Structures are given as C-alpha cells and as structure tokens.
Amino acid sequence: MTKKDISSGVAHKIPSDLCVALTSDPKALAAWEDLTPLARNEWICWTISVKKSKTRSQHVGRVRTELKKGIRRPCCWVGCIHRTDKPISPSAQYVLGKKSKSK
C-alpha cells in the first residue's frame, strides 16, 4: 500500500512518517481505515502539531499502538484547529487561550 492508497483526514493529508508506520502494521492500518475522516484528521493533526522531532516520533508510535488497542481519537485533544469548514468551538477556544497565556 502506498501513500496514495491510505486514507487521509478532512483538513490534513497523511504525512509520510505516519504512513510508513501504519502501512508496516496491518492491524494498525485496518483500524486506521475503519476510522471516520474526521477521526483520521484528529490523529494527523495531533501528530504534526508538536515542535520536536523526538515528540513527533513518539506520537507516530502512539497512533499505531493506540489504534491497535481500539482507541479511535487522541485523548485530551481539543481537535484540529486547521479545519476551515467550521468555526473553532468555544471550549477549544478556551483551551487554546489558556495554552497561549501559559507560555
């Protein structure tokens, strides 16, 4: 399976490192393909939103592991802020506001 064959999210295309991790693990790939496009989008956004490459590698590994456990969305994730088809919810705005003030 190639990057073209694997499903992406709503606002994000699947990055190559996540694609490699999923296509190398048939059980994780099957779980990925069973997700809705919105759920896949949240996993992708959660993976690419980190700043350090080490953290990103950890997130890629966690996506694969958690999918195989049956977890369908990233835990404690406010959701993708890159979606343009709907406004950011008030709860997500609150969380994002608190994060920017704590820096």
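The values are calculated or read from the model by the stated rules, or taken from the named source; none is laboratory data. Remember, predicted model here, so these are calculated numbers, not experimental data. Note that we place each Cβ from the backbone using ideal geometry, even for glycine, and neighbour counts take in every protein chain shown.
The helices (runs of 4 or more DSSP H) located wholly in the chain that include 2 or more residues which are at pLDDT 85 or above and surrounded by 13 or more Cβ atoms within 10 Å (Cβ to Cβ) occupy 16-23, 26-34, 37-48, 53-68. The number of residues in segment 17-40 being polar (S, T, N, Q) and under 19 Å from Thr65 (Cβ atoms) comes to 2.
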